[in-house]
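Everything below concerns the one structure shown next.
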Amino acid sequence: LADEEVADIAKALADYKVIFFRDQPLSARQHVDFARRFGELEIHPFIPSNTGVPELVRFAKSADVGGYENGWHHDVTWRETPSKGAVLHALEVPATGGDTVFSDAYAALDALDDDLRGRIDDLVAVHDFAKVFGHGMSAEERATMREKYPLVEHPVITTHDITGRDLLYVNRFFVSHIAGMDPDASTELIDELCKPFALLEHQARFRWEPDSVAFWDNRAVQHYACSDYWPDVRVMERASIIGSRPSRAR
Ligand code: SIN
């Protein structure tokens, strides 16, 4: 792609938050080469790549392995520098089901009433890989990974570094608690903040075909992979682009 085309795609992503391409029969190499035009790619420490290309993670579901990405989340917010975007390519899709739904994090923030918005203005959320990836790990493995990936704090309201707009940056997958809050109040607040992501008015739902590609802004949207096709096969590959540390501009 020419630099101008890459710039057009980046602009569309900032404007629309998630963009879709049909009929892109990408090889693994072409997939990562495309994603790398937008920044350095991450290597996921908990999901083995299985593709021969370390930067490409494969999600292969079948009668033996059901989908577990069926909850609202931004990817890898347990990193100090979570991904800023992800490119997902469908290799094999079920005859029905398996859609991915995206929900707008700017709209989620705008939907909060003034009182709640005021209360969260200075709060920071604590993000923990172990909430999802700690299951099935031995205590020793967990301790080793904890050393590499300590709990991280990100502002509950963060400012998108390209659009300059504030968005709500709290997800049920990885936020363990709100720093400095009593545990019950923290759980209640996280629940409250996750509700606007579930509003249908904030969402786009994508029906996959083989060789469809979705490119989402991992700050501006959360996503939810519908797990409604078992025992069918669904095989997807994802390349994720490293972002900057989330922060709040005042
Ligand atoms: C993911 O959660 O990144 C995977 C999304 C999907 O498989 O649709």
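Some notes on this structure:
- Listed by position, the helices (runs of 4 or more DSSP H) enclosed by the stretch 9-127 that each have at least 2 residues that are open to solvent by 50 Å² or more (accessible area, probe 1.4 Å) are 28-36, 114-120.
- Filter result for the condition that a residue is of a type outside the set (Gly, Ala, Ser) and within 19 Å of the chain's Cα centre (by Cα), over Pro54, Pro25, Pro94: Pro54
- Unmet requirement for Val76, which otherwise passes all of (1) in contact (Cβ under 8 Å) with a residue 24 or more places away in the chain; (2) more than 23 Å from His202 (Cβ to Cβ); (3) within 14 Å of the ligand (Cβ to nearest atom): (2)
- Each residue in the stretch 204-228 was checked for being away from the ligand (no atom under 11 Å from the Cβ), assigned to a loop (DSSP other than H, G, I, E, B) and open to solvent by less than 10 Å² (accessible area, probe 1.4 Å), and 1 of them qualify.
- Applying the set (1) within 15 Å of the chain's Cα centre (by Cα); (2) of a type in the set (A, V, I, L, M, F, W, C); (3) over 14 Å from Thr77 (Cβ atoms) to Leu189 leaves exactly one unmet item: (1).
The values are calculated or read from the model by the stated rules, or taken from the named source; none is laboratory data. All figures in this text were calculated on a predicted structure; none of them were measured in a lab. A quick note on method: Cβ atoms are made from the backbone with ideal geometry, for glycine too, and the neighbour counts reach across all protein chains shown. Ligands, DNA and RNA are stripped out before the accessible areas are found, and what is left, the full protein with its side chains, is counted by its heavy atoms. Shrake-Rupley method; radii C 1.70, N 1.55, O 1.52, S 1.80 Å.
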